[in-house]
Amino acid sequence: MEDIKTLEQKALDLRRVIFKTICNGGGGHIPASFSIVEILTVLYYRIMNISADNMNDIDRDRFILSKGHAGVALYAVLADKGFFHKHHLDTFGKKGTILGGHPDMYKVPGVEASTGALGHGFPFGVGMSLAGKMDGRSYRVFVVIGDGECQEGSVWEAALFAPKHNLDNLTVIVDYNKLQAMDRLDEIIPLEPFADKWRAFGWEVREVDGHNIGELLKVFNLLPFKRGRPSLIIAHTIKGKGISFMEGIPIWHYRMPNPDEMQQACKELGLKVVDGVIQ
Amino acid sequence: MRNAYLEALYDLAADNKQILALVADNGAIVYDKFRRDFPSQFINFGISEANMVSVAAGMASCGKIPFVYTISCFITYRAFEQVRNDVCLQKMNVKLVGIGVGFVYSNLGPTHHATEDMAVMRSLPNITIFSPADRMESRKITMAAAEIDGPVYIRLATGGSPDVYEEDYKFTPGRGVVLQDGSELTIITTGSITHEVKRAVREMSDLGISVRLVNMHTLKPIDKDIILESAEKTKAILTVEEHTILGGLGGAVAEVLAEARPSSVRFKRMGLDNHFPVGYGSYQDIKQMNGLSMEAIVEQAKELMRNK
């Protein structure tokens with residue numbers, strides 16, 4: 001229980017950093033970043049064998065953010081874990097920064113793949129898993145994909161491929177927040193029965209509340225769910241989780257809050273605003 | 001050309017276990033020896049080229065050297081964004097090998113003809129592009145590709161291409177080859193059409209025309225020196241390619257000429273003039289139907305000389 005409280009506090013801290021970084025940077029995907037905060041928290045602070053000290057080791061665990069538009073969530077974690085200095089967060093989206101709207105592996109220490117276009121990071125991670133298996137390496141690969149991203153054909157090509165190669169060192173987490181840029185996902189192109197689709201393709205599937213630290217810890221500690229099979233976690237999440245007026249509202253996908261909305265959001269997150277600047 | 005590539009790949013794989021052969025269900029029989037002798041270095045992705053290219057990039061990020069092979073169209077067009085973002089942008093050590101370029105699949109129709117591959121691939125940063133003219137060059141290019149730490153695209157014709165080079169041929173990446181020197185006109189060509197161009201040049205020699213013939217086996221980076229030297233020397237350049245005249249060999253040569261502005265050089269691009277390849281039949285038939293027969297090349301060369 002103690003540990004869960006610690007991680008919940010960490011997730012709140014990260015949300016504050018993400019919000020401040022995006023607002024100061026003048027634009028970004030706040031809700032899509034907020035929906036994966038607990039997933040990243042549990043992976044980076046408890047599950048994965050990756051840190052600033054071993055980031056170049058061949059046997060480090062690898063994380064890929066296939067939904068690259070949530071890059072600021074990853075930046076917040078990497079900065080907190082010391083992969084790069086926190087002052088870089090203040091430069092997000094500005095001229096000369098290493099931190100752009102989508103993560104760049106050659107600019108940002110700790111980023112394993114440059115993502116942004118959807119449907120790429122997942123098969124890239126499959127390649128990392130396959131290389132690890134071929135070489136008898138102990139590392140594991142974790143990939144976070146979006147639910148809207150699952151409308152890309154390349155996702156299902158990779159979904160067919162991974163079970164054939166028995167990639168039990170691979171875990172894919174779907175951020176199932178059920179919203180995409182223009183509307184509710186199920187009104188655009190529905191994915192249900194979603195878990196059944198993955199199972200039919202040969203994946204071992206678990207569903208969790210993607211904001212429940214305890215559930216996430218439990219499910220990640222069961223990996224691999226079955227020897228010889230890739231693992232798929234459907235994380236039920238809320239897009240914009242943590243800011244009441246953003247939660248579940250599609251229009252916030254790339255919208256920035258006006259001054260009143262910023263005040264409100266900061267109040268909810270426990271941040272102070274002085275002269276329009278988040279402290 | 002294909003077999004020479006496969007023999008070279010076999011030798012590379014025997015020496016280095018990180019070298020992998022990736023295919024998209026393409027290469028029945030011809031890959032049998034490789035599969036038998038190096039089963040752990042061979043992966044058939046099935047018919048899913050986009051996935052194959054992204055997975056290859058991920059494997060390369062972990063030290064593998066994948067040679068990704070399928071029909072050229074399916075790598076360069078279908079999987080273009082994967083090539084761009086996962087291979088070129090991320091500078092991954094992936095070798096993309098497109099088979100059946102131009103219209104060597106002469107009776108399969110335009111869906112299987114790669115006649116824009118150089119144009120699209122040339123537009124990408126961080127990639128080296130090779131276009132061998134015969135078997136020997138294919139082997140040398142394959143070996144050279146393995147030496148390059150980064151993205152490479154090799155465009156191959158199928159089997160049965162006639163030889164262009166003699167046994168003593170020395171290949172240098174990035175340097176065009178003067179196959180024959182001459183003073184009145186330069187023809188620059190690349191890939192499997194080189195043999196046809198060679199025949200045309202022989203015909204012109206018989207007619208008393210002195211032609212310089214250059215094989216541009218490396219499309220990127222292009223050999224600027226040999227283009228400008230040829231312009232200086234012959235004052236007329238004809239490019240011949242089994243490809244659209246937009247953005248491929250002719251486009252690359254035009255870019256060099258336009259920026260260097262050598263004085264009074266006549267220039268003409270031969271290839272597909274803003275249309276898809278037409279017709280079915282033998283390779284000879286389809287070259288003829290698309291204006292790339294030996295006779296058509298001679299005619300274009302003479303036309304360019306008349307206007308000199």
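Computed from the coordinates by the stated procedures, all read-outs in this text should not be read as laboratory data. Note that the structure is a prediction, hence the values are computed from the model and not measured. No Cβ is skipped: glycine too gets one built from the backbone with ideal geometry, and neighbour counts run over all protein chains shown.
Shape class of the protein assembly as shown from the alpha-carbon gyration tensor: prolate, with a/c at 1.5 or above and a/b greater than b/c. Partner shielding of A:127-137 amounts to 6, given as the average count of beta-carbon atoms from other chains within 10 Å of each residue beta-carbon. Our summary of shape: the Cα atoms of the range A:2-278 have principal axis extents of 57, 44, 40 Å, ordered from largest down, in whole angstrom.
FRET efficiency for the residue A:46 to residue B:108 pair, using the beta carbon distance and R₀ = 56 Å, is estimated at 0.55.
Going by the alpha-carbon gyration tensor, a ≥ b ≥ c the square roots of its eigenvalues, is chain B rounded (a/c under 1.5) or, if a/c is not under 1.5, prolate (a/b greater than b/c) versus oblate? Since a/c reaches 1.5 and a/b is larger than b/c, the shape of chain B is classed as prolate. Relative protection proxy for A:45-55, A:189-199, from highest mean packing down: A:45-55, A:189-199 (other beta-carbon atoms within 10 angstrom). Ranked by the mean number of other Cβ atoms within 10 Å per residue, highest first, peptides B:261-272, A:65-76, B:158-169 order as A:65-76, B:261-272, B:158-169.
Suppose we keep just the DSSP beta bridges with both residues in the range A:147-279; what percent of those would be antiparallel, to 5?
On the way: 3 of 15 bridges.
Here the share of antiparallel DSSP bridges comes out near 20 percent.
Annotation: lysines with alpha-carbon distance below 20 angstrom to residue A:20 (same-chain offsets under eight excluded): A:10, A:81, A:86, A:94, A:95, A:239, A:241, A:267, A:272. Taking amide H as placed 1.01 Å from N in the peptide plane, residue B:266 has its amide H under 5 Å from the amide H of B:236, B:237, each at least 5 places away in sequence or on another chain. Label sites at residue A:53 and residue A:81, each approximated as a point 7 angstrom past Cα along Cα to Cβ, lie 1.4 nm apart.
Given the DSSP H assignment, sum -39500 (n - 2.57) over each helix run of at least 4 residues in chain A and divide by its residue total; what's the result at 222 nm in deg cm²/dmol, nearest 500? List each step's numbers first, then the result.
Numbers: 10 runs with 101 residues, N = 279.
Only helices count here, giving -10500 deg cm²/dmol.
Would you please name the GluC sites (Glu not before Pro) within the range B:246-308 that are DSSP coil residues with at most 16 other C-beta atoms within 10 Å of their C-beta?
Values: sites: B:255, B:259, B:295, B:299, B:303; in loops: none.
Sparse-neighbourhood loop GluC sites (Glu not before Pro): none present.
Of the chymotrypsin sites (Phe, Trp or Tyr not before Pro) found in the range A:92-156, those that fall in a DSSP loop while having at most 13 other beta-carbon atoms within 10 Å are A:106. If a spin label sat at a point 7 angstrom from the Cα of residue A:249 along the line to its beta carbon, the backbone N atoms of the range A:7-33 nearer than 13 Å would be those of A:31. Shielding of peptide A:113-122 by partners, expressed as the average count of other chain Cβ atoms within 10 Å per residue Cβ, is 5.
Model label sites at residue B:258 and residue A:183, defined 7 Å from Cα along the beta-carbon direction, differ in position by 4.4 nm.
Relative to the dominant Cα principal axis of chain A, helix A:153-164 is inclined by about 40°. For residue B:47 and residue A:227, the FRET efficiency from 1/(1 + (r/R0)^6), where r spans their Cβ atoms and R0 equals 25 Å, is about 0.30. Percent of alpha carbon pairs in the range A:1-43 separated by more than 13 Å? Result for the distance tail: 53 percent. Amide H contacts for residue B:223 (H built 1.01 Å from N in the peptide plane; partners 5 or more residues away or on another chain; cut-off under 5 Å): B:176. The H on the amide N of residue B:97, modeled in the peptide plane, is under 5 Å from the matching H of B:68, B:69, B:70, B:154, each at least 5 residues off or on a different chain.
Given the -39500 (n - 2.57) contribution per DSSP H run of 4+ residues, what per-residue ellipticity at 222 nm results for chain B, rounded to the nearest 500 deg cm²/dmol? Don't skip to the answer; put the middle values down first.
Working: 10 runs with 107 residues, N = 308.
Rounded to the nearest 500, it is -10500 deg cm²/dmol.
Note on residue B:123 and residue A:260: their simple-model spin labels are 4.6 nm apart, each label 7 Å out from Cα toward Cβ. Could you state the number of Å between the C-alpha centres of the range A:202-277 and the range B:30-66? If we compute the Cα centre of each part, the gap is 36 Å.
Ranking B:280, B:31 by Cβ neighbours within 10 Å, fewest first, what do you get? Present the calculation step by step, with values, prior to reporting the outcome.
Values: B:280 13, B:31 18.
Placing the least packed residue first, the sequence is B:280, B:31.
Does the range B:177-306 come out rounded, prolate or oblate by the C-alpha gyration tensor, with a ≥ b ≥ c the root eigenvalues, rounded set by a/c under 1.5 and, if not, prolate when a/b is larger than b/c and oblate if not? Oblate, because a/c is 1.5 or more while a/b does not exceed b/c. Counting only residues at least eight positions apart within a chain, or on another chain, the lysines with an alpha carbon under 21 Å from that of residue B:268 are B:198, B:220, B:224, B:233, B:235, B:287, B:302, B:308. Take every pair of alpha-carbon atoms less than 8 Å apart whose residues are at least six positions apart; their mean separation over the length of chain A yields a relative contact order of 22 percent. With angles folded into 0 to 90 degrees, how steeply does helix B:294-306 sit against the dominant principal axis of chain B? Use alpha carbons for both and round to 10. For helix B:294-306, the angle is close to 50 degrees.
Summary of the geometry: the range B:212-236 and the range B:93-147, compared by the centres of their Cα atoms, lie 20 Å apart.
The largest-to-smallest principal axis extents of the Cα set in the range B:84-239 are 51, 37, 29 Å. Straight Cα distances below 20 angstrom link residue A:133 to the lysines A:164, A:226, B:17, B:64, with same-chain residues fewer than 8 positions distant left out.
Explain nothing, just the number: relative contact order of chain B, from Cα pairs under 8 Å at least 6 residues apart, as a whole percent.
Details: 660 pairs, mean separation 51.0, N = 308.
Relative contact order here is 17 percent.
Tally the DSSP beta bridges in the protein assembly as shown and give the antiparallel ones as a percent, rounded to 5. Of the beta bridges lying entirely in the protein assembly as shown, close to 15 percent run antiparallel.
Evaluated over the Cα positions of the range B:2-156, the convex hull gives a direction-averaged projected area, one quarter of its surface, of 8.0 nm². The mean sequence separation of alpha-carbon pairs under 8 Å and at least six residues apart, normalised by the residue count of the range A:38-96, gives a relative contact order of 31 percent.
Peptide B:40-50 has a mean shielding of 3, counted as Cβ atoms of other protein chains within 10 Å of each residue's Cβ.
For the range B:177-306, DSSP calls about 15 percent of its internal beta bridges antiparallel.
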